[in-house]
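To start, the structure under review is shown below, and the notes come after it.
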Amino acid sequence: MNETATAPTAPLRARAEIDLAALRANVRTLRARASGAAVMAVVKSDAYGHGAVPCARAAVEAGAGWLGTATPEEALALRKAGLPGRIMCWLWTPGGPWREAIEADLDVSVSGMWALRELVAAAREAGVPARVQLKADTGLGRGGCQPGGDWAELVAEALRAQSEGLLTVTGLWSHFACADEPGHPSIAAQLALFREMLAYAEGQGVRPEVRHIANSPATLTLPESHFDLVRTGIAVYGISPSPELGVPADFGLRPVMTLSASLALVKRVPGGHGVSYGHHYVTPGETTLGLVPVGYADGVPRHASGAGPVLVDGKWRTVAGRVAMDQFVVDLGGDEPPVGTRVVLFGPGDGGEPTAEDWAQAAGTIAYEIVTRIGTRVPRVHVNEEQAG
C-alpha cells in the first residue's frame with residue numbers, strides 16, 4: 001500500500017508509515033561516513049520490517065552500490081521485482097536454490113566446503129560461472145570458515161573451481177561480534193585476524209573486488225574497518241545500532257518508521273477497576289481508559305506490558321496492564337479524546353512521540369527487534385516514494 005506525502009491519511013486500524021525520503025537521506029549520510037568505500041544497504045527480513053522492495057529501490061536511488069539479504073529467497077524476490085545491480089545473500093542451507101541464484105546473477109556467500117561443493121555443482125549444471133564471496137569466521141562464531149587449515153582448504157578449492165571457469169571469487173568478508181560496544185577487545189582482535197586471512201587468500205591468488213567486515217556500528221565509528229565495502233543494516237532505517245554509540249541524530253540519521261493506531265474506544269471507569277488480563281493494573285481512582293487496537297500479534301511486545309509508551313492527543317501515556325494479542329489499554333487520566341484519535345507508538349521523536357528505542361528499553365530488548373517484529377496485519381504505507389528534485 002503506497003501513498004504520496006501529500007495524500008490524506010487513511011483511516012486505518014493501524015499503520016506503519018515508512019518515510020522513503022528519510023531512508024534516502026540516511027543512505028547519503030552513510031555514504032559520506034564510509035571513507036570512500038561502497039555502501040551495501042541490507043534489506044533482509046523485509047527491510048527490517050519496512051518493506052523490502054520500496055526500501056531497496058530508495059536505497060539504490062540514494063547511491064547504495066549493493067543490496068544485501070540473509071536468505072537467497074529474499075535476494076531472488078528483489079531480482080523478480082526488477083532490482084538491478086549487485087545483490088548478495090549469505091544464509092544458505094543444504095539443497096538451497098544455488099542454480100537460481102547463479103542464473104539471477106547474485107553474489108552468494110560460502111562459509112564451508114559443503115556449500116562450495118553444492119555451488120560448483122550448480123554452476124556446472126547452469127553453464128554459468130557463479131559469483132562467490134568467501135566468509136571468514138574471525139571470532140563471531142556463527143557463519144564463516146575457521147582460520148588455519150579450514151580456510152586454506154576453502155581458498156584452494158575456490159581457486160581450483162575458478163581456474164575451471166565455474167566461479168569467480170568476488171569478495172572476502174567477515175562480521176564483527178561486538179562493534180556496538182566501543183572499546184571491546186574483540187574488535188581489534190577480529191580486525192587483525194581478518195587482515196591475516198585476507199593476506200593469506202590474496203597470497204594464494206584471490207583477487208577480490210570487495211573486502212568487507214564493517215556493519216552499521218563499525219561504519220559509524222571504525223573507519224579503519226571500512227575496506228572496500230560497508231554493510232549497513234539498521235542504520236539505513238535511521239536507528240542507532242547501540243544507545244552507547246549515540247542517538248540517531250548524533251550520526252545524522254532519522255528513523256524511517258512511524259507506527260500508529262486509531263483509538264477504538266474511550267470510556268470512563270471507577271477507581272479500583274482492573275485492566276486487561278491478570279489485573280496487573282488497577283485504576284487508582286475514577287479515570288478514562290483508551291483502547292488501542294494493536295497487540296502482540298501485530299508485533300507490540302508483551303514484555304512492554306505496563307511500560308510501553310504512546311503519544312495520545314499530545315500527551316505521553318503508558319500501557320496499562322498486559323498487552324494482549326490484538327489490543328492494549330492506556331489510562332487517559334480523565335481526558336476524553338474522541339474515538340479514532342491517532343495514537344503514535346513510535347516515530348522519529350521530533351513530534352514529541354516515543355521512539356523505537358523507548359519501546360526497546362520498555363521491553364528489555366533492542367530497537368532492531370521492535371521494528372522488525374511489526375506484523376503483517378499492519379499495512380506499510382510508503383510515503384515520499386518519488387525522489388525530490
message = Tell me the net charge near W98. Cut-off is 11 Å between Cβ atoms, W98 excluded, with +1 for each Lys or Arg and -1 for each Asp or Glu.
response = -1
inquiry  = Less than 28 Å apart at the alpha-carbon level, and either on another chain or at least 8 residues along: which lysines does that give for K267?
reply    = K315
remark   = Counting sequence-distant residues (5 or more places) and residues on other chains, those with an amide H built under 5 Å from that of C145 are K135, A136, D137
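Rounded to the nearest 20 debye, what is the charge dipole size of the range 158-219 about its Cα centre when +1 sits on each Lys and Arg Cβ and -1 on each Asp and Glu Cβ?
Working: 4 positive and 6 negative charges, 34 e Å.
Taking the Cα centre of the range 158-219 as origin, the dipole is about 160 debye.
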note = Length-normalised contact order of the chain, Cα under 8 Å, at least 6 apart, in percent, tallies to 19 percent
task = Mind checking which of A264, L345, M88 is farthest towards the positive end of the chain's charge dipole, using Cβ charges of +1 (Lys, Arg) and -1 (Asp, Glu) about the Cα centre?
result = A264
ask   = Using alpha-carbon pairs under 8 Å, 6+ residues apart, how would you state the relative contact order of the range 238-389 in percent?
value = 25 percent
key: Charged-residue dipole, Cβ positions (Lys, Arg, Asp, Glu), the chain about Cα centre, Debye nearest 20   = 380 debye
task = Please list the non-local residues whose amide H lies under 5 Å from the amide H of G349, H modeled 1.01 Å from N, same-chain partners needing a gap of 5 or more.
result = none
query = Whats the longest run of the chain with zero GluC sites (Glu not before Pro) that are DSSP loop and have at most 13 other Cβ atoms within 10 Å?
reply = 1-163
task = Would you work out if the range 160-224 is rounded, prolate or oblate? Take a ≥ b ≥ c from the square roots of the eigenvalues of the alpha-carbon gyration tensor; rounded if a/c is under 1.5, else prolate when a/b is larger than b/c, oblate otherwise.
result = prolate
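What number, rounded to the nearest 500 deg cm²/dmol, is the helix-based mean residue ellipticity at 222 nm of the chain, given -39500 (n - 2.57) per DSSP H run of at least four residues and division by all its residues? Provide the component values of the computation, followed by the final result.
Details: 11 runs with 113 residues, N = 389.
Computed ellipticity for the chain at 222 nm equals -8500 deg cm²/dmol.
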note = Given [x] 1.11; [y] 1.05; [z] 0.97 as possible values of Cα Rg over 2.2 N^0.38 Å, the one from the coordinates is [x]
ask   = If you take the charge dipole of the range 153-225 about its Cα centre, with +1 on Lys and Arg Cβ and -1 on Asp and Glu Cβ, which of T168, A179, A156 is farthest toward its positive end?
value = T168
remark   = The farthest towards the positive end of the charge dipole of the range 206-325, of the residues L245, L220, V292, given +1 on Cβ of Lys and Arg and -1 on Cβ of Asp and Glu, is V292
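All of the numbers you see were taken from the coordinates with simple rules; none came from a lab. Predicted model only: the values in this text are computed from it and were never measured. All Cβ positions, glycine included, derive from the backbone under ideal geometry; neighbour counts span all protein chains shown.
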